[in-house]
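The values are calculated or read from the model by the stated rules, or taken from the named source; none is laboratory data. Bear in mind the structure is a predicted one, so any value in this text is a computation, not a measurement. As a convention, Cβ positions derive from the backbone with ideal geometry for all residues, glycine included, and neighbour counts pool all protein chains shown. Each accessible area value is taken on the protein alone, full model and side chains, heavy atoms only, with ligands, DNA and RNA left out. Shrake-Rupley method; radii C 1.70, N 1.55, O 1.52, S 1.80 Å.
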2 protein chains.
Amino acid sequence: MKLGLNLSFAIKRWLGGDAMAHIVKDELGLDIVQFTWDLVDPWWPAEKRDPIAREYAAAFRRAGITIESTFGGLASYTYNHLLGPTPELRALGKEHLKRAIDMTSEMEVRAAGMPFGSFSSADALDPSRREAIYKEAVETYVDISRYAKEKGLETLYVEPVPLATEFPSSATDALRLMKDLNAQTAIPVRLMVDWGHALFTPLFGEQADMDYWMKTCGEYIGAFHIQQSDGLLDRHWNFTRDGIITPERLAEFWKRHKLADQTYFMEIIYPFEETDEHVLADMKASVALLRQAA
Amino acid sequence: MKLGLNLSFAIKRWLGGDAMAHIVKDELGLDIVQFTWDLVDPWWPAEKRDPIAREYAAAFRRAGITIESTFGGLASYTYNHLLGPTPELRALGKEHLKRAIDMTSEMEVRAAGMPFGSFSSADALDPSRREAIYKEAVETYVDISRYAKEKGLETLYVEPVPLATEFPSSATDALRLMKDLNAQTAIPVRLMVDWGHALFTPLFGEQADMDYWMKTCGEYIGAFHIQQSDGLLDRHWNFTRDGIITPERLAEFWKRHKLADQTYFMEIIYPFEETDEHVLADMKASVALLRQAA
């Protein structure tokens, strides 16, 4: 298994390039990361934001750590973005992603991504509003892809989410979006599929099945988020906890589908009130379990 | 009990002034709210942000809903702000709060607040770094209070949090901060005490006791966040769930301390993947339980 680390586990705790590189490389023994916008907010003024972002990138480079992509986290996911209910909110969604692309480019990282967007409660129940907003969002995203290409990015990622009020959630929705986008975008758009989202049984029932996802839209899956879950909520637990996504299951899937490049990014989200000592010890234990199963 | 509603329960779901006012007033029967920055990000460009924020305020006014304060939510809490490890991050923390004050002023709301800030893991363990950063943050906050006064605000709030790596967490820390600030600030600074934070036993042990908080720093408590919790993590559950903070306990405390103005703001945070139908039904049931106990 090609193991990578989404840095969400570290937010507010280990800050600055050297401190973070030490945790990733020396403490956890990993050298591929996905940089979360929860460490550097794309909305910060560019002249203050970019030196902070570049300092992470430089320290990671010195330590031999590859940043495969940058990705939206908790703060970004709080807002509706491209599927918001008003033109003003959707325009802010576009600006948000463009600013994240600017930051990614400044870090000399070649890929960025986030979920696509969230409908309001009212729009989610109105098929014609959903369709109209979706079509506008696809056009907007095509525009954004041209901007990303100008900025030197090579791939954009969309992450499906386990909510019927957002898009895409199901594997068939994800396939539709990938076809609609890749027919027009200036650079490839790929799926970042989260195991805990795909296996969310309250929404997907019998289709909460990663083999079904591979069959439906596997050709577009660029990488994965891995997390432990009970399948009942989007837990983002670590693999030290019992649940339905064991290291053995991940390893068996990896081998059977002959995966090679599609990094398994651990995306572990701790309650803010967990101690730093617990987080670090737990991350180490989990990496050991994943290594053992690989 | 003077019951109010922090709007965190509604984020991404009911957007826009009229939709939100309908939920607050007609569905839940409440008329006091705390507006969360998770609905309108203080970092959005002012010329786009302020019309959206003003539209909420105008719709609430028409519906007879009072916005007592605006407050930081999930997105804001993702970053370290005034206690961050570098001058650059701390300056961004200052700018963040000033932008939130701008937005609050545009809404013609008279109070705003958030937690004070988070130390990095390394700084949290270094008493002299903690003290130096704390002192600088107090000076910065005094500056911010002058700015808030110019903008027409009458009160700023600080929310203690259940983490030893942040400040203030304990009641005695909160008292120290209140004394240090109120000796110098241009407008009063008060505590927004969250029941689930104050009763967090892993950190506070026997001092996880609201009477102890009242005795220690009660004179500075301007209002409360209420939530259900098991005392083991910062749950922000609703009162439809069993836990240690029952509506009866809240009512008994309210009466015994002869509270009058210190609004109990329900701050209920749902997993994003809960359905809108469940959230609304659950909020209604919880308001009914609180009304019954009052």
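A few points about this structure:
- Fraction of C-alpha pairs exceeding 25 angstrom in the range B:184-294: 24 percent, rounded to a whole number.
- Distance histogram for the range A:15-102 (every C-alpha pair counted, 10 angstrom bins, percent rounded to whole numbers): 16, 44, 27, 11, 2
- Shielding of B:158-169 by partner chains, average beta-carbon count, 10 Å: 2
- Cross-link partners of A:LYS98 among lysines, defined as those whose alpha carbon lies under 17 angstrom from its own and excluding same-chain residues fewer than eight positions apart: A:LYS48, A:LYS149, A:LYS151, B:LYS48.
- Where N is the number of residues in the range A:145-249, Cα Rg divided by 2.2 N^0.38 Å: 1.13
- Pairs of Cα atoms farther than 11 Å apart, the range A:240-279, %: 75
- For the range A:3-293, the per residue solvent-accessible surface stands at 36 Å², with DNA, RNA and ligands left out and a 1.4 Å probe.
- Residue-by-residue Karplus 3J(HN,Hα) for the range A:175-181, coefficients 6.51, -1.76, 1.60, Hz, glycine and proline x: 4, 4, 4, 4, 5, 4, 6
- Per-residue mean of foreign Cβ neighbours for A:106-119 is 1 (Cβ atoms of other chains, 10 Å radius).
- Distance in nm between pseudo-label sites at B:ASP126 and B:GLU206 (7 Å out along the Cβ direction from Cα): 3.5
- Rg then Dmax, both in Å and based on the Cα atoms of the range A:3-47: 11.1, 34.
- Toward the positive end of the charge dipole of chain B, with +1 on the Cβ of Lys and Arg and -1 on the Cβ of Asp and Glu, the farthest Cα among B:TRP37, B:ASN182, B:ILE226 is that of B:ASN182.
- Pairwise FRET efficiency - B:GLU136 versus B:ASN182, Cβ, R0 = 22 Å, nearest 0.05: 0.75
- Within the range B:3-293: Cβ-based charge dipole about Cα centre, in debye rounded to nearest 20 (Lys, Arg +1; Asp, Glu -1): 600
- With the cut-off at under 19 Å, measuring from each backbone N in the range B:229-270 to a point 7 Å along the Cα-to-Cβ line of A:LEU232 picks out B:229-244, B:269-270.
- Of all DSSP beta bridges in the range A:3-293, antiparallel share, percent nearest 5: 15
- Surface/4 estimate of mean projected area, convex hull on alpha-carbon atoms of chain B, nm²: 14.3
- Residues A:HIS278, B:HIS236, ordered by accessible area of protein heavy atoms at a 1.4 angstrom probe radius and largest first, appear as A:HIS278, B:HIS236.
- Global form of the range B:59-105, assessed from the alpha-carbon gyration tensor, a/c cut-off 1.5: prolate
- Applying 1/(1 + (r/R0)^6) with R0 = 51 Å to the Cβ-Cβ distance of A:THR86 and B:LYS215 gives a FRET efficiency near 0.60.
- Chain lengthening between A:ASP261 and A:ILE244 when straightened (0.36 nm per residue, less Cα-Cα): 3.7 nm
- Positive-end residue of A:ALA164, A:MET114, A:ALA59, charge dipole of chain A with Cβ unit charges: A:ALA59
- When +1 charges are put on Lys and Arg Cβ atoms and -1 charges on Asp and Glu Cβ atoms, the dipole computed for the range B:171-275 relative to its Cα centre reaches about 420 debye.
- The Cα-based radius of gyration of the range B:1-159, divided by its Kirkwood radius, gives an Rg/Rh of 1.01.
- Once the partner protein chains are put back, the range B:88-102 shows a loss of at least 10 square angstrom of accessible area, versus the chain by itself, at B:GLU88, B:LEU89, B:LEU92, B:GLU95 (probe 1.4 Å, ligands and nucleic acids excluded).
- Take the Cα radius of gyration of the protein assembly as shown and divide it by 2.2 N^0.38 Å, N being the number of residues; the result is 0.93.
- With a threshold of 31 Å on the Cα-Cα distance, the over-threshold entries among B:LYS179/B:LYS255; A:LYS135/B:LYS284; A:LYS179/A:LYS284; A:LYS284/B:LYS94 are A:LYS135/B:LYS284; A:LYS179/A:LYS284; A:LYS284/B:LYS94.
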